[in-house]
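Data block below; observations after.
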Amino acid sequence: MRSEPGELRRDEGTSLLEVLVALAVVTIAMTGLGAFFVNGNLAVAHQRDQRQAVQVAAGGIEQVRGLQGTSVLSGRGMIKSKAQWDAVKSGLYAKKMKRYLDSMAIGWDDELERTDPSSPLGNEAAIPTKTQTITVGSSKFNREMLIGRCVVYFMRNDDCVNPNVGTPPSNNAEILRYFRVVVLVTWTGKSCESDRCTYVASTLIAQSTEPTFYSKAAPPVMMSTEMSFYVGREITQKIDVDGGQVPNVLTVTAPSTLPSWIKMSPGGYVTGNPTVAAQATSVVRVTDKRGWWNEKTITWKAVLPPSVVVPAQPKSFAGQQVNYKVTAVGGVPAYVFTAPKDLPEGLELAADGTITGSIAKLGAYPITVTVEDANGVRDTKTFTHTVSVAEPLSLTALPDQKINLGSAVTGTAVAKGGSGQYTYTATGLPAGVTINAASGVLSGSPVLVAGRYLPTITVSDSAGESLSDTFELVVETTTKLTFTSPSLVGADQKSTVGSDVILPLTTNGDLLLLKNVSLTVTGLPEGLKYNKGKSEISGKPKTAGTYPVKVTANSLLPLPQTATLTFLWTVE
C-alpha cells in the first residue's frame, strides 16, 4: 500500500533503531564467541601438550627400566653430571625440582671417576647428561634426566632419602639402596606461567643385583645394642637379629630384667610406653631352632619426643636477606628438618634447620617445618614470618653542635624506611627544648645553662622497629659559669679496668669571682669517686662497660648560676 504524498510513515525511525540494536547484539555475541573459541583452542592445545609430555617422560622412564641397576650410571662422568645437576639446581625450574634434588645425592660412574676423574663423557651415555630435544607432532619438548642415590631405612618408613642427611641404622641389612631417576620435561605453552610448562616424573632403580641365598643359616647375631622409646608414646620395635635358623627366640638372661615400661615378645618385638625419661640395660639372648645362641647387652632409653623449636616472630623487610635457624629438643639426634609444604617464594630450608633467602612481597607467611630424629620420629610446627616494607628503618640524627649561651637549639632528625609512620622522642635535651613527635624538629626556648649535653634521639615506626642516635651539644659562654676541664668538646673518657685514673674538674668560677662553687657527680664507674678537696675524679675502675656521667656545678653568690657536663666513660 502506497502512502499519500506528505503522509508520515510511522515505522521508518523505529526500523532503523532496531537494525542498529540488532547489529550491536550480534557484534557483542560474535566477540564473546571469538574469545570462547580462542580460549577453547588454547585449552585443547595445552591438554594435548600435557599428554605428549607424559609420553616423553614415560619414554625416559622405560629407557631407564631397560637397564640393570649396575648400568644406570654407566658413561656419566663426574664433570658432566655435576654440570647438569648445577644447571637444574640454579635454573628456571629450580623451585619445582628442589624437593627431588634434596631427596638424593648426586651420582656418577664410579669406575669412570676412578680411571679418569676429568673425563668429559656423559652426553652420549645410556642415560645422557645433556638436554634432549624431542619432537612429538608439531610440539618440541626438552627432557632432562637426572640420577642420584637414595636409601630406604625400611624399619622406619618407606621414604627414599638422601644418604648424606640424617642418621642411618647401625644394621646395614636395614638399608635398601636405590638410584632415583628424575625426568624433567619442559615446553613452551601459552597456558602456563611465563609460557613455561613443566612435567616431572621419577622412579627408583635398585643399585645392586639380585642377592644370592645360601641354604645353611649362620649362627644368630644380635645387631641391636641400643633402643630408644618416647615418653607418652607407645611404640613397638624389633630387635635386629642376623642369621640363625628360624624361629629365633629372644629372652632376658637372669639376673637381668626388663624395666617396668618395657615388654618383649619371644619373637623380639619390644613395646615401650615410658612415662618419664629414663635409661636401663638388660642382657638379651637369642636362640635359634638348632639351639645356637648369642647374647648382648641392650640399653633401653626413654626420651622425650622430638619437638620443633620455632624462632620468635621472625621478621624481614621486602627483599632483605634472612638467615635464621629452626632447632629441636628431645628425641635422638641427629635431626633432619624438612618443609612438608612449600616455603614462601625466595626462602630455602636446609637439612640442619637453617632458613635463608629473601621474600620480595609484603605479607605474613606461614612456614611449616618438620623435624625427624635418628629413629624417624617426627614433629611438625608452623610459625609466621612477617615481611614489612622494602627498606629497613634508618635514622639520620643531628650532627654535633656548638651554640652560644642564650641561643636556641635547631635541627631535624630524619627517618627513612620502616613502615613510613614515625614517632620521635628525645632524652638529655636542655630544659625548655623539645622534639616534635611527628616531624622530628627540635625547638623551644633559648638554652640558659652552659656546658655539654648528650641528647639521644629515638625514632619508632608503627611496625614496632626503633633506632636511636646521640649527638654532642656544647653551650659556650665567657660571662657565665661553665666548665674549663675537661674540655667540653669531645669530653668523653676512656680507661681500662684496674688502671689509675685522675680527671680534674674545674670551672671558670674564680675568673668570674664566684664564691662557693660546688660540684655534684653522678654515674661514675665502680671504683672511681669524686675527690672534693682536689676537685678531681680518681680511682681504679673495676668493671668494664659504658657509663653516662653527669657533673653539675652550682654557685649561689653573688647570683645563683648553674653549669652542666654530661659525658660517656668507657671502661675496657
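The values are calculated or read from the model by the stated rules, or taken from the named source; none is laboratory data. Keep in mind it's a predicted model, so treat the numbers as computed, not measured. With ideal geometry, Cβ positions are generated from the backbone for all residues, glycine too; neighbour counts draw on all protein chains shown.
Checking the structure you have, find out if any residue of the range 469-484 is part of a loop (DSSP other than H, G, I, E, B), within 50 Å of the chain's Cα centre (by Cα) and surrounded by fewer than 12 Cβ atoms within 10 Å (Cβ to Cβ). Spell out how you get there, then give the answer.
Step one: filter the range 469-484 for residues part of a loop (DSSP other than H, G, I, E, B), giving 471-472, 477-482.
Of the ones still in play, those that are also within 50 Å of the chain's Cα centre (by Cα) are 471-472.
So of that shortlist, the ones also surrounded by fewer than 12 Cβ atoms within 10 Å (Cβ to Cβ) come out as none.
So far as the range 469-484 goes, no, none of its residues is part of a loop (DSSP other than H, G, I, E, B), within 50 Å of the chain's Cα centre (by Cα) and surrounded by fewer than 12 Cβ atoms within 10 Å (Cβ to Cβ).
What is the one condition in (1) farther than 23 Å from LEU101 by Cβ; (2) in contact with a Phe, Trp or Tyr (Cβ under 7 Å, 6 or more places away or on another chain) that LEU349 does not satisfy?
(1)
In the range 289-329, which residues are modelled with pLDDT of 95 or more, over 11 Å from the mean Cα position of the chain (by Cα) and either within 21 Å of LYS361 (Cα to Cα) or crowded, with 19+ Cβ neighbours inside 10 Å (or both)?
Within the range 289-329, ILE298, TRP300, ALA302, VAL303, PRO306, VAL308, ALA328 qualify.
Could you tell me which numbered condition SER487 fails, if it satisfies all but one of (1) part of a strand (DSSP E or B); (2) surrounded by fewer than 18 Cβ atoms within 10 Å (Cβ to Cβ)?
Tallying (1) part of a strand (DSSP E or B); (2) surrounded by fewer than 18 Cβ atoms within 10 Å (Cβ to Cβ), SER487 fails exactly one: (1).
Taking ALA35, is it assigned to a helix (DSSP H, G or I), within 48 Å of the chain's Cα centre (by Cα) and modelled with pLDDT under 60? Give the steps one after another, and end with the answer.
Values: assigned to a helix (DSSP H, G or I): yes; within 48 Å of the chain's Cα centre (by Cα): yes; modelled with pLDDT under 60: yes.
Judged against the criteria, ALA35 is a match.
So, VAL270, is that one modelled with pLDDT of 95 or more and either in a loop (DSSP other than H, G, I, E, B) or farther than 26 Å from THR327 by Cα (or both) or not?
Details: modelled with pLDDT of 95 or more: yes; either in a loop (DSSP other than H, G, I, E, B) or farther than 26 Å from THR327 by Cα (or both): yes.
Here the answer is yes, as VAL270 does meet what is asked.
Among the strands (runs of 3 or more DSSP E) confined wholly to the range 132-239, which include 1 or more residues that are touching a strand residue (DSSP E or B) at 6+ places or on another chain (Cβ under 7 Å) and aromatic (Phe, Trp, Tyr)?
Numbers: elements: 132-136, 139-153, 175-188, 196-206, 226-230, 235-238.
Once the strands (runs of 3 or more DSSP E) in the range 132-239 are filtered for at least 1 residues that are touching a strand residue (DSSP E or B) at 6+ places or on another chain (Cβ under 7 Å) and aromatic (Phe, Trp, Tyr), what remains is 139-153, 175-188, 196-206, 226-230.
Counting only residues that are under 20 Å from LYS95 (Cβ atoms) and either in contact with a Ser or Thr (Cβ under 7 Å, 6 or more places away or on another chain) or without any contact (Cβ under 8 Å) to a residue 40 or more places away in the chain (or both), give me the strands (runs of 3 or more DSSP E) lying completely in the range 310-349 with at least 3 of them. Break it down stepwise before answering.
On the way: elements: 315-317, 322-325, 327-329, 336-338, 347-349.
Here the list reads 347-349.
Quick check, is PHE383 part of a strand (DSSP E or B) and either crowded, with 19+ Cβ neighbours inside 10 Å or basic (Lys, Arg) (or both)? Step through it out loud before you land on a result.
Numbers: part of a strand (DSSP E or B): yes; either crowded, with 19+ Cβ neighbours inside 10 Å or basic (Lys, Arg) (or both): no.
Spelling it out, it is not the case that PHE383 is part of a strand (DSSP E or B) and either crowded, with 19+ Cβ neighbours inside 10 Å or basic (Lys, Arg) (or both).
Taking the condition of being over 24 Å from the mean Cα position of the chain (by Cα) and touching a residue at least 60 places away in the same chain (Cβ under 8 Å), how many residues in the range 97-120 meet it?
So in the range 97-120, the residues over 24 Å from the mean Cα position of the chain (by Cα) come out as 106-120.
Subset that is touching a residue at least 60 places away in the same chain (Cβ under 8 Å): 107.
Final tally of qualifying residues: 1.
Restricting to the range 49-89, and then to whatever is farther than 24 Å from SER138 by Cβ and free of Cβ contacts under 8 Å to residues at least 12 places away in the same chain, can you tell me which residue is surrounded by the fewest Cβ atoms within 10 Å (Cβ to Cβ)?
Selected residue: GLY66.
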